[in-house]
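The values are calculated or read from the model by the stated rules, or taken from the named source; none is laboratory data. Model, not experiment: these values are computed from the prediction. Don't worry about glycine lacking a Cβ; one is built from the backbone with ideal geometry, like all the others, and counts go over all protein chains shown. Only protein heavy atoms, including side chains, enter the accessible area calculation; ligands, DNA and RNA are left aside. Shrake-Rupley method; radii C 1.70, N 1.55, O 1.52, S 1.80 Å.
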Amino acid sequence: MAVFFGRDTQKADGRINAVPGLARDEGIAQDEAAMLLTRPANQKLIGSEEIKKATEILTKYKDGKANLEKRIVDDELWWELRHWEAIGGTQPDPQTSPKPTSAWLFNSILNKHADAMDNYPEPIVLPREQSDEQSAKTLSEILPVVLESNGYDQTYSDGWWEKLKHGTAAYGVFWNSEKENGLGDIDIRGIDLLKIFWEPGITDIQKSRNLFIVELVDDDLLDEQYPEHKGHLRGNAIEVKRYNYDDTVDVSGKSLVVDWYYKVKAPSGKTILHYVKFVGDTLLFASQNEPAYRDVGFYEHGLYPVVLDVMFPEKGTPVGFGYVAICRDPQLYIDKLSANILENAMMGTKRRYFASTSTAINKSQFLDWNEPIVDVEGEISDARLKEIVSNPLDSIYVNVLQMKIEEMKDTSANRDVNSGGSTSGVTAASAIAALQEAGNKASRDMIATSYRAHVQIGKLCTELMRQFYDETRSFRITGEMGEYRFIDFNNAAIQDQQIGVDSAGNMLYRRPVFDLKIVAQKKNPFSRMEQNERAKELYGLGFFNPERAQEALPALEMMDFEGIDKVREQISQGQTLLNICQQMQAQMAEMAAMIQALTGMGTVKDAPEKRSTSSGRADASGTSTGKDTVAAQAMQAHTPMTDYGARLAKRSSPNMDFASDAANPR
């Protein structure tokens with residue numbers, strides 16, 4: 001049976017239709033396709049030869065990113081304020097000369113990380129067709145729950161540290177069959193850049209021919225998890241670069257587990273992703289050897305389960321560089337200048353003397369300030385003992401140091417106002433908030449880039465739900481006011497759906513497709529303060545007065561701020577409510593006039609209501625005008641009639657049952 005959108009996985013005769021190692025942009029010749037279609041389904045495609053070849057490819061990929069690995073290790077030393085060690089190769093001795101380690105670079109990264117955490121992402125799923133609207137709404141509610149169950153706030157925080165330090169945060173979106181007591185669920189985790197390898201020269205990781213993720217695992221744990229290979233799971237395919245740890249890390253009892261992902265093309269042209277796990281030369285799993293995965297791949301979405309969030313991109317590589325790379329130079333000279341200034345200050349504060357060799361001075365007494373008397377033989381004069389005078393540095397060198405500090409602030413876009421400070425003359429909270437908002441352009445750009453990466457993470461999560469959420473699961477959804485409810489969800493509504501057959505009688509399928517939008521779940525206090533100030537300003541201008549809604553709505557059309565749609569809706573509702581009240585007042589006035597015409601009583605002039613002259617709405621004759629007239633008529637209509645008025649109204653009402661003889665002449 002033919003496949004549309006790749007849902008049906010196996011042909012009726014059990015043949016396979018893909019071959020490993022095929023170029024991503026090539027098709028399959030007819031003779032090769034014929035061989036593939038006649039290959040038995042139980043034939044193993046991945047064996048020891050393929051593992052050997054994969055190890056060679058992995059070694060080549062590692063050699064291609066050697067410079068990147070060295071930079072990452074050095075960046076980590078700069079982040080740990082150990083940059084003197086990175087420069088000189090050893091930890092400096094403060095006894096020989098001052099080696100200050102100021103934290104200007106550290107503070108810049110810290111502030112950028114705080115900006116990122118103030119704008120924690122929240123995915124919103126949008127449908128492309130109206131029939132998928134309910135599914136998109138459900139996905140928008142359960143995706144944050146899935147992220148929360150993965151501890152994604154911590155993963156997001158760790159990823160931003162990596163992005164700011166090294167220029168790239170790597171996220172892995174996998175399916176973990178052991179989660180939820182064996183039911184399986186999505187597993188989102190951060191990946192160390194030293195443990196992931198791609199094809200050198202590519203800029204999009206999805207275009208790499210192969211992708212490797214490695215991890216050191218204890219040998220005894222491997223023997224316990226794979227008892228059939230006990231004693232054979234030893235060896236390291238490559239030597240993984242390691243950081244300069246403070247602790248002593250022993251890796252002698254560990255072996256390197258390699259996760260190998262690669263893409264192939266089926267004869268139909270669809271890209272298929274396959275997965276292999278091996279240790280040394282021992283194969284643990286190969287999806288292409290399993291009939292269930294052979295034609296659809298390990299992940300049916302056909303993408304590498306890795307998303308890279310890049311800070312500053314580079315040509316010829318899918319990763320970038322971070323703030324350590326661009327700020328290490330000013331940080332270096334800040335510390336070097338500080339070292340020289342401190343050394344001069346120490347020389348000036350520590351007295352030293354020239355002493356003649358003929359001067360017999362008791363040095364131990366001379367150096368001990370607790371000794372009140374110092375023994376000296378012979379005459380004491382300036383010619384025999386003279387203080388060494390060190391000239392202080394000129395203030396220009398302190399100015400140069402301050403210039404380098406200002407350069408660091410400008411380079412890292414971390415001015416004083418971004419840290420909560422203010423320039424001279426600016427004291428108003430609203431002015432400081434405005435300056436901070438204007439100075440956060442760099443942070444907003446970085447966060448927007450991160451949101452684009454999180455769109456890809458959300459799409460991978462949606463595709464894993466489509467593939468693996470066969471069983472119904474229950475999710476607790478928390479509302480805005482803290483209330484919660486439970487919804488049940490499975491992949492039935494987002495699976496490929498049959499829509500008919502083509503002219504050849506092959507079944508056609510429709511796949512629900514969704515778009516993702518990332519919004520900030522949290523806002524920093526300055527953004528909230530700015531919104532509060534804006535709300536008070538709109539209130540003071542009368543925007544929320546229903547009588548001025550006709551003026552406020554066009555003004556809002558020319559504005560743009562977060563939550564403007566909700567404000568526009570509230571003003572429109574107020575205008576609608578005012579119109580309803582005015583219509584009801586008019587109806588009540590008509591009813592009052594009808595009652596007056598029928599009863600002859602209840603006029604506004606006769607109403608015993610006494611109005612306050614302070615209102616400015618009653619005239620000298622006691623009658624009311626405008627809205628007071630309508631209100632008085634409405635109140636008069638609801639005033640109970642006296643007994644005399646009731647009897648008079650009863651006699652005045654015509655009796656339709658009475659037979660009159662007025663038409664009969666006498």
ask   = List, please: which pairs have Cβ atoms under 7 Å, are six or more places apart or on different chains, and start with a residue in the stretch 577-596 that is modelled with pLDDT under 85 and part of a helix (DSSP H, G or I) and end with one that is open to solvent by 100 Å² or more (accessible area, probe 1.4 Å) and charged (D, E, K, R)?
value = L578/E547
key: Candidate set from the stretch 464-483 (those that are of a type in the set (S, T, N, Q) and not in a strand (DSSP E or B)); member that is most open to solvent (accessible area, probe 1.4 Å)   = T472
note = With criteria (1) over 27 Å from the mean Cα position of the chain (by Cα); (2) crowded, with 16+ Cβ neighbours inside 10 Å, P227 comes up short on (2)
ask   = Here are some residues: G458, G500. Which one is outside any loop (DSSP other than H, G, I, E, B), farther than 30 Å from S149 by Cα, in contact with a strand residue (DSSP E or B) (Cβ under 6 Å, 6 or more places away or on another chain) and modelled with pLDDT of 80 or more?
value = G500
inquiry  = When you check L164 against the structure, is it assigned to a loop (DSSP other than H, G, I, E, B) and either among the hydrophobic types (A, V, I, L, M, F, W, C) or in contact (Cβ under 8 Å) with a residue 60 or more places away in the chain (or both), yes or no?
reply    = no
remark   = How many residues of the stretch 235-278 are among the small types (G, A, S) and within 24 Å of G172 (Cα to Cα)? The answer is 2
note = Within the stretch 272-299, of all residues that are farther than 18 Å from G47 by Cα and at pLDDT 90 or above, the one surrounded by the most Cβ atoms within 10 Å (Cβ to Cβ) is I272
note = Residue pairs qualifying under the 6 Å Cβ cut-off, at least six apart or on distinct chains, with the first in the stretch 206-231 being more than 21 Å from Y299 (Cα to Cα) and modelled with pLDDT under 95 and the second being open to solvent by 90 Å² or more (accessible area, probe 1.4 Å) and not in a helix (DSSP H, G or I), are D223/K230
query = Any idea which of (1) in a loop (DSSP other than H, G, I, E, B); (2) of a type in the set (D, E); (3) under 34 Å from the mean Cα position of the chain (by Cα) is the one D259 doesn't satisfy?
reply = (1)
note = Conditions (1) among the small types (G, A, S); (2) modelled with pLDDT under 95; (3) within 28 Å of K70 (Cα to Cα) -> G184 fails only (3)
Single residue of the stretch 365-404 satisfying the filter (part of a helix (DSSP H, G or I) and touching a helix residue (DSSP H, G or I) at 6+ places or on another chain (Cβ under 6 Å)) that is surrounded by the fewest Cβ atoms within 10 Å (Cβ to Cβ) = L401
ask   = So which residues in the stretch 350-364 are exposed (fewer than 10 other Cβ atoms within 10 Å of the Cβ) and either among the aromatic types (F, W, Y) or over 30 Å from S97 (Cα atoms) (or both)?
value = S358
request  = Report whether or not I326 is in a helix (DSSP H, G or I) and under 24 Å from the mean Cα position of the chain (by Cα).
outcome  = yes
inquiry  = Here's a check for you: in the stretch 538-567, which residue that is surrounded by 16 or more Cβ atoms within 10 Å (Cβ to Cβ) and part of a helix (DSSP H, G or I) is nearest to the chain's Cα centre (by Cα)?
reply    = V567
task = Evaluate the following for L332: is it open to solvent by 10 Å² or more (accessible area, probe 1.4 Å), assigned to a helix (DSSP H, G or I), among the hydrophobic types (A, V, I, L, M, F, W, C) and within 25 Å of E69 (Cβ to Cβ)?
result = yes
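For every residue, the table says whether it meets (1) over 17 Å from G458 (Cα atoms); (2) aliphatic (A, V, I, L, M); (3) touching a residue at least 24 places away in the same chain (Cβ under 8 Å); (4) open to solvent by 10 Å² or more (accessible area, probe 1.4 Å).
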position	(1), (2), (3), (4)
M117	yes, yes, yes, yes
R128	no, no, yes, yes
T138	no, no, yes, yes
L147	no, yes, yes, yes
K179	yes, no, no, yes
Count - residues of the stretch 203-224 that are in contact with a Gly (Cβ under 8 Å, 6 or more places away or on another chain), under 30 Å from G167 (Cβ atoms) and open to solvent by less than 50 Å² (accessible area, probe 1.4 Å) = 1
task = Only residues that are among the β-branched types (V, I, T) and more than 23 Å from I205 (Cα to Cα): list them for the stretch 312-340, please.
result = V324, I326, I334
ask   = Restricting attention to the stretch 326-349, does a residue exist that is charged (D, E, K, R), out of contact with any Cys (no Cβ under 9 Å at 6 or more places or on another chain), closer than 19 Å to E407 by Cα and free of Cβ contacts under 8 Å to residues at least 24 places away in the same chain?
value = yes
key: Scan of the stretch 44-68 for residues that are buried (at least 16 other Cβ atoms within 10 Å of the Cβ), of a type outside the set (F, W, Y) and modelled with pLDDT of 90 or more, ordered by number   = E50, I51, A54, T55, I57, L58, K62, K65, L68
ask   = Can we say E85 is touching a residue at least 40 places away in the same chain (Cβ under 8 Å), in contact with a strand residue (DSSP E or B) (Cβ under 8 Å, 6 or more places away or on another chain), open to solvent by 30 Å² or more (accessible area, probe 1.4 Å) and among the acidic types (D, E)?
value = no
note = Result of the Cβ filter at 8 Å on the stretch 554-572, keeping first residues that are under 12 Å from A535 (Cβ atoms) and partners that are at pLDDT below 85 and among the charged types (D, E, K, R), at least 6 apart or interchain, is F561/R534
ask   = Considering the stretch 572-594 alone, what residues qualify as being within 18 Å of P546 (Cβ to Cβ) and either among the small types (G, A, S) or in contact with a Pro (Cβ under 8 Å, 6 or more places away or on another chain) (or both)?
value = S572, G574, Q575, L577, L578, A586
